[in-house]
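Comments concern the structure below.
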Amino acid sequence: MAHIPLEPIGRPRKESTDDRTFDAIRAAVAKLEEELAAKRTEVEAGWGPKYVERVHAKGKLTTRERIAKLIDPGTDIFEVGRFVNDGDTFQGGLKSPAAGVVTAFARVEGRWCMIIGNDNTVASGSGGRARPKNPARADHGAPAPGANDLPGRLQWALLPEQSRSFLAPRARATSSR
């Protein structure tokens, strides 16, 4: 194994900025981190507690709950594409957090895997136009167990999104949201 010497770079913080400026930057970063945590929580909630309760009433687990049971205990989950569709609202005021799919890296039986599961708290697991982007971003040849629980007939896109999904590229570019 190669030896890589670690040497500090740059100047000590006290030489580069005063305490007041440093505290202002730290407070601004803390505010941004709070906003990011709130957005993560919003995406993880899917369409909200009502839909989680619906899944539980059927005796099932949500996608994220199934993933938590699948992965090795104590393993961190690294979700990819969590903010796909962030800020987009579709016909009828619907949102599609993470394009209705959970894509994450985690250890399963000691091996890194890419876990993909349609989020059954968002449109019963159907996704929007951006749905294929999520797994494609994460595909690096890792094993990919699925964590899907879909309704009887696979609906690959949210109903309000289906018409836009099938438009020709030129027509899609000119269509409005």
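The values are calculated or read from the model by the stated rules, or taken from the named source; none is laboratory data. The structure displayed is predicted, hence computed values, not measured ones. A quick note on method: Cβ atoms are made from the backbone with ideal geometry, for glycine too, and the neighbour counts reach across all protein chains shown. These accessible areas exclude ligands, DNA and RNA; they are computed on the full protein's heavy atoms, side chains included. Shrake-Rupley method; radii C 1.70, N 1.55, O 1.52, S 1.80 Å.
Points to keep in mind about this one:
- Take each peptide in 100-107, 33-40, 112-119, count the other Cβ atoms within 10 Å of every residue, and average; sorted highest first, the result is 100-107, 112-119, 33-40.
- Whichever lysines have a C-alpha closer than 30 Å to that of K60, once near sequence neighbours (fewer than 8 apart) are set aside: K39, K50, K69, K95, K133
- Residues of the range 1-61: accessible area per residue with a 1.4 Å probe, Å²: 90 Å²
- Span per principal axis, largest first, for the Cα atoms of the range 46-91 (Å): 39, 28, 11
- With one equal scatterer per alpha carbon and no solvent term, the Debye-computed log10 I(q)/I(0) for the range 1-111 at 0.12, 0.14, 0.23 1/Å reads -0.71, -0.84, -1.27.
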